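In what follows, a structure is listed as structure tokens, so that the remarks can point back to it.
No value in this document is a laboratory result; all are computed from the given coordinates. Given the structure is predicted, the values throughout are model-derived calculations rather than measurements. Backbone-built Cβ (ideal geometry, glycine too); neighbour counts: all protein chains shown.
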Protein chains: 2
Amino acid sequence: MFGTLFNRVKMACAGSLAIAVNFVAIAADGEAPKTPKTTAEIIAAAPASDWRDVAASDLLVMDLTQGQIFIELATRFAPLHSANIRTLSHQGFFDGLAIMRVQDNYVTQWGDPNDDDPKLAKSLGDAKTKLPAEFFIPFKGLPITPIKDVDGWAPVTGYVDGFPVAADPKKNKAWLTHCYGMVGAARGQPTDSSNGTGLYAIIGHAPRGLDLNITVVGRVLRGMEYLSALPRGGATMGFYDKPEHYVGITKVRLASDISEAERPKLEVLKTDSKSWASVLDSRRNRSGWFVHSFGHTEVCASSVPVRNKPAQ
Amino acid sequence: MFGTLFNRVKMACAGSLAIAVNFVAIAADGEAPKTPKTTAEIIAAAPASDWRDVAASDLLVMDLTQGQIFIELATRFAPLHSANIRTLSHQGFFDGLAIMRVQDNYVTQWGDPNDDDPKLAKSLGDAKTKLPAEFFIPFKGLPITPIKDVDGWAPVTGYVDGFPVAADPKKNKAWLTHCYGMVGAARGQPTDSSNGTGLYAIIGHAPRGLDLNITVVGRVLRGMEYLSALPRGGATMGFYDKPEHYVGITKVRLASDISEAERPKLEVLKTDSKSWASVLDSRRNRSGWFVHSFGHTEVCASSVPVRNKPAQ
């Protein structure tokens with residue numbers, strides 16, 4: 001029982017997309033399929049046509065001393081915030097700013113620590129100071145790939161362009177949902193008080209009650225571990241209680257502002273592909289280490305795979 | 001727009017139980033109640049009779065250099081694992097062991113780094129090396145406080161003794177569900193290969209597909225931030241790739257083994273109380289900063305409140 005394997009594979013196969021391990025299926029209670037492909041195998045076998053490029057103009061590259069974070073802007077859902085964040089990033093607005101809030105099981109938030117002081121606040125330059133709220137878009141005509149699984153928060157859930165989405169067809173509303181790794185634009189009391197200068201990422205259980213209350217602007221494609229493993233703030237709502245605890249942002253650039261040679265090139269698995277459908281099925285019907293499958297998944301239970309664009 | 005308040009309250013009211021802030025309710029879309037009490041107000045107003053003591057014999061106190069972690073054993077759901085963990089803790093088994101795995105959006109796992117080497121492995125002393133799986137208990141007769149909210153994973157969800165629970169009455173099964181902060185006993189391939197020497201805590205979106213596949217033994221009552229903010233491991237499944245990255249466990253004691261004078265005394269809000277029902281209602285029907293309420297919550301969306309036992 002104390003073999004290396006035992007120690008290393010405790011909990012094996014039990015986790016996120018990143019860890020699917022190729023176990024031989026074991027005898028289960030009849031609910032697990034007999035010839036299952038692991039999630040990792042499905043992703044590895046996905047044809048090139050099941051991947052799409054992340055547009056350089058939608059890709060933010062955020063440098064912390066801890067590491068690099070890649071965020072894809074959800075232009076379809078938040079066109080005005082995305083445009084403003086592009087302008088801000090292009091101008092170097094975020095360079096030298098800071099992460100000021102890390103609240104456990106909730107959010108990591110960053111922006112300008114001096115935005116409460118007109119003398120010290122960083123100029124927004126060509127960016128807009130005021131934007132309308134972008135909490136939802138019309139459901140009609142949206143190319144959503146719905147999932148069949150019952151969800152308590154919305155009548156429809158699924159994926160659009162690789163982003164997790166919920167929708168209410170009767171109200172003709174669709175919105176990005178606050179799964180782990182989603183990025184939103186902090187706002188104050190007025191619903192139109194966000195402009196993209198303050199952003200947050202979800203670092204805990206999906207707070208889906210936030211949906212339709214705030215503008216979601218994108219998703220962290222890579223580097224979540226640099227946002228999720230920061231020390232939690234000691235003040236109310238997880239703000240750092242001392243400025244010296246702030247985590248500095250070295251710089252944020254749009255990939256399209258980076259020279260072709262140095263530009264990161266990422267791909268996201270298409271969520272209207274057969275491969276993604278198979279990934280979700282592999283999550284509904286677990287195999288290997290698992291002895292029970294629920295035949296169920298949920299929109300926030302799986303992250304859409306990301307990879308480096310293969311060399312041509 | 002750059003007032004201190006604006007900066008500080010961005011996202012205010014939007015979060016976990018810990019952060020409810022007393023805002024004046026703003027005009028909403030009609031779905032938010034007009035005279036709402038915040039979650040914090042409800043908890044503050046809970047009568048003494050709505051709180052219960054955490055039994056000293058069920059309370060683990062785990063010391064890291066980062067801070068102290070309090071874990072309540074779920075004796076009703078995992079009596080054999082709980083007993084074994086008590087024996088192990090009483091013997092000082094965990095003292096000097098380590099956290100060896102931190103997988104982002106998933107688990108932090110600890111135990112004996114040498115358990116694969118019979119010569120170096122720490123003795124289990126009077127504890128059992130082998131236990132049966134304790135994946136579920138009978139639903140019949142269980143004093144569950146169900147919630148009315150639709151859940152895709154189980155026909156019934158709710159709370160028992162302050163722990164989040166899911167159940168299938170037709171199959172007469174009830175089980176602890178893998179919400180944020182729940183603690184389980186790592187196992188290998190055989191379902192009966194856990195004995196409590198290796199444990200994990202959930203540090204991300206609730207991986208509810210793990211339910212019924214592994215023995216859940218308790219809940220972190222305090223100190224999650226010391227488990228969730230650790231650097232993620234670089235090897236497969238988030239294991240630290242070098243032993244020098246291991247996070248040492250100074251010691252783990254049962255509160256009942258700590259002198260009366262130094263013993264921590266915690267209380268948990270009773271989940272069969274009116275106060276807890278009100279907390280859940282306040283989560284279904286948001287107020288203040290929120291302009292949309294879903295009229296819905298889920299079993300993993302709220303953590304049951306914990307406090308120091310007030311001086312008599």
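Please state the charge dipole magnitude for chain A, taken about the Cα centre, from unit charges on C-beta atoms (+1 on K and R, -1 on D and E), reported in debye and rounded to the nearest 20. Intermediate results must be reported in sequence, preceding the final value.
On the way: 34 positive and 32 negative charges, 111 e Å.
Result for chain A is approximately 540 debye, rounded to the nearest 20.
Please report the relative contact order for chain A, taking Cα pairs under 8 Å with a sequence separation of at least 6, and give it as a percent rounded to a whole number.
Value for chain A: 29 percent.
Give the order of A:Val150, B:Val247 when sorted by the count of other beta carbons within 10 angstrom, beginning with the fewest. Walk me through the intermediate numbers first.
Working: A:Val150 13, B:Val247 19.
Fewest to most other Cβ atoms nearby, the residues stand as A:Val150, B:Val247.
Report the FRET efficiency, 1/(1 + (r/R0)^6), for B:Asn172 and B:Ala235, where r is their Cβ-Cβ distance and R0 is 45 Å, rounded to 0.05.
Details: r = 41 Å, r/R0 = 0.90.
My answer for the efficiency is 0.65.
Scan the range B:212-270 for GluC sites (Glu not before Pro) in coil per DSSP, keeping those whose Cβ has at most 14 other Cβ atoms within 10 Å, and list them by number.
Of the GluC sites (Glu not before Pro), the ones in loops of the range B:212-270 whose Cβ has at most 14 other Cβ atoms within 10 Å are B:Glu260, B:Glu262.
With each label point set 7 Å from Cα along the Cα-Cβ vector, what nm distance links B:Thr145 and B:Asp117?
Distance between label points: 4.9 nm.
Assigning unit charges at the beta carbon (Lys, Arg +1; Asp, Glu -1) and nothing else, what dipole magnitude in debye, to the nearest 20, does the protein assembly as shown show about its Cα centre?
Working: 68 positive and 64 negative charges, 164 e Å.
Charge dipole, the protein assembly as shown, about its Cα centre: 780 debye, nearest 20.
Which of the aspartates and glutamates could a cross-linker span from B:Lys130 if the Cα-Cα distance has to be under 13 Å and same-chain partners fewer than 8 positions apart are dropped?
Qualifying aspartates and glutamates at Cα under 13 Å: B:Asp192.
What is the helix-to-structure angle for B:79-90, meaning the angle in degrees between its Cα long axis and the longest Cα principal axis of chain B, kept from 0 to 90 and rounded to the nearest 10?
Rounded to the nearest ten degrees, it is 70.
List the relative contact order of the range A:160-306 as a percent without decimals, with contacts defined as Cα pairs under 8 Å and 6+ residues apart.
21 percent
By how many degrees, between 0 and 90 and to the nearest 10, does the Cα long axis of helix B:274-284 differ from the longest principal axis of chain B?
Its long axis makes an angle of about 70 degrees.
Treat the count of other C-beta atoms within 10 Å as a stand-in for reagent exposure and order B:Trp110, B:Trp175 from fewest to most.
So the residues, fewest neighbours to most, are B:Trp175, B:Trp110.
Which value in nm describes the separation of the simple spin-label points at B:Ala83 and B:Asn308, placed 7 Å from the Cα toward the beta carbon?
So the label points at B:Ala83 and B:Asn308 sit 3.6 nm apart.
Set Lys and Arg Cβ to +1 and Asp and Glu Cβ to -1, take the dipole of the range B:53-267 about its Cα centre, and tell me which of B:Gly96, B:Gly223, B:Pro164 lies farthest positive.
Value computed over the given set: B:Pro164.
Got a sec? How would A:Cys179, A:Cys300 order by Cβ neighbour count within 10 Å, fewest to most?
Working: A:Cys179 26, A:Cys300 23.
The order, fewest Cβ neighbours first, is A:Cys300, A:Cys179.
Shape call for the range A:54-259 from the C-alpha gyration tensor, a ≥ b ≥ c root eigenvalues: rounded (a/c under 1.5), prolate (a/b greater than b/c) or oblate?
Prolate is the answer for the range A:54-259, as a/c is 1.5 or above and a/b outweighs b/c.
Under the rule of -39500 (n - 2.57) per DSSP H run of 4 or more residues, summed and divided by the residues of chain B, what mean residue ellipticity at 222 nm is obtained, to the nearest 500 deg cm²/dmol?
-3500 deg cm²/dmol
In the structure displayed, which of B:Lys173/B:Lys270; B:Lys37/B:Lys140; B:Lys122/B:Lys242 lie more than 24 Å apart, Cα to Cα? Walk me through the numbers on the way to the answer.
Working: B:Lys173/B:Lys270 22 Å; B:Lys37/B:Lys140 35 Å; B:Lys122/B:Lys242 20 Å.
Long pairs (Cα-Cα over 24 Å): B:Lys37/B:Lys140.
Among A:Leu120, A:Leu212, A:Leu131, which one shows the highest mean-square fluctuation when chain A is modelled as a Gaussian network with alpha-carbon springs under 10 Å?
Evaluated over chain A, the most mobile residue of the options is A:Leu120.
Simple spin-label model, 7 Å along Cα-to-Cβ: A:Ser259 to B:Thr65 in nm?
The two pseudo-label positions are separated by 4.2 nm.
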